[in-house]
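FYI, it's all coordinate maths here, none of it is from the lab. Just so it is clear, the model here is predicted, and its values are computed rather than measured. As a convention, Cβ positions derive from the backbone with ideal geometry for all residues, glycine included, and neighbour counts pool all protein chains shown.
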């Protein structure tokens, strides 16, 4: 535990993290470049790349020393303060840092451990360190999907039959006002999933 705290403290003071370091931290893991890629890590990396492409997560690409006269080695870094705010909003149960209110690069992020002194449990669909699967059961998943589609239809006028509803953008905007980062594509994905999975089918008019 003491060694984990030392490693966390070290990463809390870095000006920026690589995409692999950020992915490990999102999963509640101490970053380790020797760690082999797995399904969970690749899913988080894909989420990071999408957020960066959508402009939700700032990133910087630096050209470093040349590997040879024709090739330069490049690395992508995510400024720690921006990455902390994004990761804490998207992985609140596993990301180990609490953002500083001012988001100043010179400050170190505050470690956040659970009451047992370890990392929190991974969110639905993710596993940390090969532990017990914490994904939702079918009944719980369907209940959440019912809540999602019900609030979308009644609260945002979402039309499941529309080819492209503006409701997703409205939901994203309201969540952003609450400090919750999420993409339009993610909202559309779950609205579609809810509409096809739990929304009762209307009988065809004869």
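Fewest to most neighbouring Cβ within 10 Å: what's the order for 183, 143, 138?
Fewest-to-most ranking of 183, 143, 138: 138, 143, 183.
log₁₀ I(q)/I(0) of segment 138-197 at q = 0.15, 0.22, 0.26 Å⁻¹, via Debye over equal Cα point scatterers, no solvent, to two decimals?
Each listed q corresponds, in turn, to -0.41, -0.87, -1.14.
Say each of residue 37 and residue 142 gets a label point 7 Å from the Cα, pointing the same way as Cα to Cβ; how far apart are those two points in nm?
Distance between the two pseudo-spin positions: 3.6 nm.
Assuming R0 = 30 Å, can you tell me the calculated FRET efficiency for the pair residue 46 and residue 175, based on Cβ-Cβ distance, to the nearest 0.05?
Calculated value: 0.90.
Using the beta-carbon distance between residue 151 and residue 93 and R0 = 22 Å, what value does 1/(1 + (r/R0)^6) give for FRET efficiency, to the nearest 0.05?
Here the calculated transfer efficiency is 0.50.
So for 12, 75, fewest C-beta neighbours within 10 Å to most, what's the order?
Fewest to most other Cβ atoms nearby, the residues stand as 75, 12.
In which sequence would 154, 146 go, from the one with the fewest C-beta neighbours within 10 Å to the one with the most?
154, 146
Note the full-extension length gain between residue 6 and residue 75 as 0.36 nm times their separation in residues minus their Cα-Cα distance, in nm to one decimal.
Working it through step by step, the gained length comes to 22.3 nm.
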